[in-house]
Amino acid sequence: MKTTPLADTHIALGAKMVDFAGFYMPVRYSSDLDEHHCVRNNVGMFDVSHMGEFILKGEKAADLLQKIVSNDVSKLERGQAMYAYLPNEEGGIVDDLLVYHLEDGNFLCVVNAGNIEKDWNWFNQHNTENVEMHNISDDTALLAIQGPKAAEALQSLTDVDLSSIPYYRFKRGAFAGVHNVIISATGYTGAGGFELYFNKDHAVEVWNKIMEAGKPFGLQPIGLGARDTLRLEKGFCLYGNDINDVTSPLEAGLGWVTKFNKDFIGKDILQKQKAEGLKQKLVGFSMVDRGIPRHDYIIKDESGNAIGKVTSGTQSPSLGYGVGLGYVDIPHSPVDSEIYIDIRGKLLKAKVVKLPFL
């Protein structure tokens, strides 16, 4: 297993460590429930240094991204980030990612940990214009400080005015004594906060300084368990669960980052799909009957006919009942549709709801 620069720090803090996407990662330090509420109500810190980072440089970098990324990179201002996915030739998804337009006109792409090698090969395969590219994943530390008190907890560590950074924008500056840190108003929790990118050699030092500065605000280290329940409450997709190489981005609700005003890989297939009409749709649902939906549970209609499958599910810590994401046949996809989750042979009632859950 690979490790992040903070693995020993997590172990010293008493974290339960697990294999996640080939990395030795903390799943929890105290309890998933406490850590979830800490982020929703105060502030928590995640080590997400397992994520992948690619730098693209030069005048053809934007052209390459326009070809391989679903969203319209030409609309991306310097100092701004956008969410997108990498479409494949069969109408599926290679990965979802963030694209940052750096101040000097170059780009940073942030990809999922389990897909670093696959994505890097994909970028290289389609780099016909010999764009200068660097895979800096192994040299980059990434911390996510998330929650309503994130700006207050971090402000003493930087001269950059954190409250002045809009959502999906970023600034570069000194942070905790480290120069050239990307301070990005992004995150995977829907609780607000920042993601910090910097050289891995400073990881322990920066982590410790944030832990100290965050004490008065109730900051705690947070594991992957709470990261999953937090993202699910906001209806955010997880690659490998809700989207993958064979799922349609249109059926997954990613039409909003699919820009048909430009050419990109798989465009024709997706346009045809859109014209002919989708067969299924990724929906959010909440349990009416008591029960916890889980990945791969079958979704049925009231007669017991299979109409879809759960892709993500949990007991929502904030709401106190089961919620989930799943693909269902189009006739069953409208909000308030009654569906049933097959949990160990028992059909438990649920209803389709509008995302996010909260």
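Nothing in this text is a laboratory measurement; each read-out follows from the coordinates by a stated rule. These numbers come from a predicted model, not from an experiment. Cβ atoms come from the backbone with ideal geometry, glycine included; neighbour counts cover every protein chain shown.
For region 105-164, a residue qualifies if it is in contact with a Lys or Arg (Cβ under 8 Å, 6 or more places away or on another chain) and either of a type in the set (Val, Ile, Thr) or assigned to a helix (DSSP H, G or I) (or both), and the qualifying residues are VAL131, ASP138, ASP139, THR140, LEU157, VAL160. Looking only at residues that are assigned to a strand (DSSP E or B) and among the small types (Gly, Ala, Ser) in region 319-353, which one is surrounded by the most Cβ atoms within 10 Å (Cβ to Cβ)? The residue in question is GLY326.
Within region 1-14, being under 15 Å from PHE46 (Cα atoms), over 22 Å from the mean Cα position of the chain (by Cα) and of a type in the set (A, V, I, L, M) holds for ILE11, LEU13.
Within region 268-297, the set of residues being part of a helix (DSSP H, G or I) and of a type in the set (S, T, N, Q) comprises GLN271, GLN273.
Quick grid of which residues meet (1) surrounded by 22 or more Cβ atoms within 10 Å (Cβ to Cβ); (2) within 23 Å of VAL352 (Cβ to Cβ):
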{"position": "GLY192", "(1), (2)": "no, no"}
{"position": "ASP201", "(1), (2)": "no, no"}
{"position": "LYS209", "(1), (2)": "no, no"}
{"position": "PRO216", "(1), (2)": "no, no"}
{"position": "LEU230", "(1), (2)": "yes, yes"}
{"position": "GLY235", "(1), (2)": "no, yes"}
{"position": "ASP242", "(1), (2)": "yes, yes"}
{"position": "SER248", "(1), (2)": "yes, yes"}
{"position": "ILE292", "(1), (2)": "no, yes"}
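Taking every residue in region 257-285 that is surrounded by fewer than 11 Cβ atoms within 10 Å (Cβ to Cβ) and pairing it with any residue that is assigned to a helix (DSSP H, G or I), at least 6 positions away or on another chain, the pairs with Cβ-Cβ distances below 9 Å are ASP263/GLN66; ASP263/LYS67; GLY277/ILE330. Checked against (1) part of a loop (DSSP other than H, G, I, E, B); (2) within 16 Å of the chain's Cα centre (by Cα); (3) surrounded by fewer than 21 Cβ atoms within 10 Å (Cβ to Cβ), SER49 meets all criteria but (3).
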